[in-house]
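Remarks on the structure that follows.
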Protein chains: 2
Amino acid sequence: MRIGIIGTGVVGQTLGSKLVSLGHQVTLGSRDKDNEKGLAWAAQAGPDAHAGTFAEAAAFGEVVLNATGGTVALAALRAAGAEHLAGKLLVDVSNPLVFEPGGQVTLDPVNTDSVGERIQREFPEARVVKTLNTVNCEVMVEPGRLSGEHNVFVAGDDAAAKAEAVALLGAFGWPAEWIIDLGDISGARAMEMLMPFWLRMMRHFGDAEFNYAFRRPA
Amino acid sequence: MRIGIIGTGVVGQTLGSKLVSLGHQVTLGSRDKDNEKGLAWAAQAGPDAHAGTFAEAAAFGEVVLNATGGTVALAALRAAGAEHLAGKLLVDVSNPLVFEPGGQVTLDPVNTDSVGERIQREFPEARVVKTLNTVNCEVMVEPGRLSGEHNVFVAGDDAAAKAEAVALLGAFGWPAEWIIDLGDISGARAMEMLMPFWLRMMRHFGDAEFNYAFRRPA
């Protein structure tokens, strides 16, 4: 499959390398055509790895992944172009982290809105699924690095798009029964609002190698 | 020990009954002296169970628990009186849920502030510890109803107060190694912002009998 990834940071590169290793063609998109991170990634990730602009990546992909920071996601997707997103599964893995001067991390948007919802509102013809933003990118593409069952979540308005996203997660190594459907795209609020807790837990553990599981009555 | 509980809802009653069963003297405080819920609880919970005003409950307690809704917590604690909170462990289990007309639940405060922080700021002589707000009240007082290890969290500025809160949680059945310290009272933001996710998970499971655990590398 041809996959376009919006964003050349560590999340986009990690997702891109995993997808190439799974046999997909990937274009990593950046603001500038000659982005060094995108070109360097494409050079080392093999013949199925390409670098281009946001618009080139989105046009290339049968599926598009948003791996930008959540606070710049809309600007990046506007640059990618609504016409290159229409009808496609658009997987949003972003978190709208704002690093405050005092060391606190806040979210923008939050509470009454989310990046996932904003993307779906601004690009109504895209089939947006929020997922994977609740784990570190190493865990995203290799859930087996943690022991035992743990969970990721999907939220979106389009049931078929969620099924496609679940299949993609399955290729990453997520068994279907570990993937919890949180409902429509407004579930993105709940998922993004996990971030302050996730960051505190990262501080507690000393690294990002963790994920949530659930306990129920016996 | 004498314990004052601010709030006569199901959370306050559940905490109160557990504390009485553990041998403590409990006064459940309400806005009005003749609050029917408080009186009915005291009548059925035995001779160590009392009902009174917010101020009477706070004055009674060597330890005070805030079990009001988070959006009314400050007003209730003002009525309880700063002089009745000074120097005491004040355990805040509240969540600032706002039930929106469209069915969404939002938080107020959120993101840049939390109920826990507001309480600590307004009552600087109280020793505030945020805890237990991340689980249903049945799980709060009986963690063994869920199978396996699962976690609760504490956040607060006073290390000795956190140790007292951990001891209280221990009496409820929480082993010390299940209790995760999220740092200073601003950790209350992270804990309160779990609520939208918790509510989605409650919808997923169909009940509130669940809690979080963590997976780590083997």
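The values are calculated or read from the model by the stated rules, or taken from the named source; none is laboratory data. Just so we're clear, the structure is a prediction, and the values are computed from it rather than from any experiment. No Cβ is skipped: glycine too gets one built from the backbone with ideal geometry, and neighbour counts run over all protein chains shown. Each accessible area value is taken on the protein alone, full model and side chains, heavy atoms only, with ligands, DNA and RNA left out. Shrake-Rupley method; radii C 1.70, N 1.55, O 1.52, S 1.80 Å.
Given the condition in a loop (DSSP other than H, G, I, E, B), open to solvent by 10 Å² or more (accessible area, probe 1.4 Å), more than 21 Å from B:His204 (Cα to Cα) and free of Cβ contacts under 8 Å to residues at least 24 places away in the same chain, answer yes or no: does some residue in the stretch A:141-150 qualify? Scanning the stretch A:141-150 turns up at least one residue that is in a loop (DSSP other than H, G, I, E, B), open to solvent by 10 Å² or more (accessible area, probe 1.4 Å), more than 21 Å from B:His204 (Cα to Cα) and free of Cβ contacts under 8 Å to residues at least 24 places away in the same chain. Which members of the stretch A:40-73 meet the condition of being under 15 Å from the mean Cα position of the chain (by Cα) and open to solvent by 30 Å² or more (accessible area, probe 1.4 Å)? Hits for the stretch A:40-73 are A:Gly69, A:Thr71, A:Val72.
Just one of the numbered conditions (1) within 11 Å of chain B (Cβ to nearest Cβ); (2) out of contact with any Phe, Trp or Tyr (no Cβ under 6 Å at 6 or more places or on another chain) is not true of A:Ala171: (1). Which residue pairs have Cβ atoms closer than 8 Å, lie 6 or more positions apart in sequence or on different chains, and pair a first residue in the stretch B:8-22 that is within 17 Å of B:Asn35 (Cβ to Cβ) with a second residue that is of a type in the set (S, T, N, Q) and open to solvent by less than 50 Å² (accessible area, probe 1.4 Å)? Filtered contacts from the stretch B:8-22: B:Thr8/B:Ser30; B:Thr8/B:Asn35; B:Gly9/B:Thr68; B:Gly12/B:Thr68.
In summary, B:Met195 fulfils each of the numbered conditions (1) more than 10 Å from chain A (Cβ to nearest Cβ); (2) touching a residue at least 60 places away in the same chain (Cβ under 8 Å); (3) open to solvent by less than 40 Å² (accessible area, probe 1.4 Å) with the single exception of condition (1). One residue stands out in the stretch B:206-218 among those that are facing chain A (nearest Cβ under 7 Å) and either in contact with an Asp or Glu (Cβ under 7 Å, 6 or more places away or on another chain) or open to solvent by 20 Å² or more (accessible area, probe 1.4 Å) (or both): the one that is modelled with the lowest pLDDT, namely B:Ala218.
A:Arg127 satisfies every condition listed in (1) charged (D, E, K, R); (2) within 12 Å of another protein chain (Cβ to nearest Cβ); (3) touching a strand residue (DSSP E or B) at 6+ places or on another chain (Cβ under 8 Å); (4) closer than 26 Å to A:Gly23 by Cα except (2).
For the residues A:Ala188, A:Ala155, the requirement of being open to solvent by less than 20 Å² (accessible area, probe 1.4 Å), more than 7 Å from every other protein chain (Cβ to nearest Cβ) and farther than 30 Å from B:Ile185 by Cα singles out A:Ala155. Would you say A:Leu132 is out of contact with any Ser or Thr (no Cβ under 8 Å at 6 or more places or on another chain), under 22 Å from B:Val135 (Cα atoms) and of a type in the set (A, V, I, L, M, F, W, C)? The answer is no for A:Leu132.
Of all the numbered requirements in (1) open to solvent by less than 40 Å² (accessible area, probe 1.4 Å); (2) not in a helix (DSSP H, G or I), B:Ala76 misses one, and that requirement is (2).
When B:Arg203, B:Arg121 are screened for being in a helix (DSSP H, G or I), within 13 Å of chain A (Cβ to nearest Cβ), free of Cβ contacts under 8 Å to residues at least 12 places away in the same chain and open to solvent by 10 Å² or more (accessible area, probe 1.4 Å), only B:Arg203 passes.
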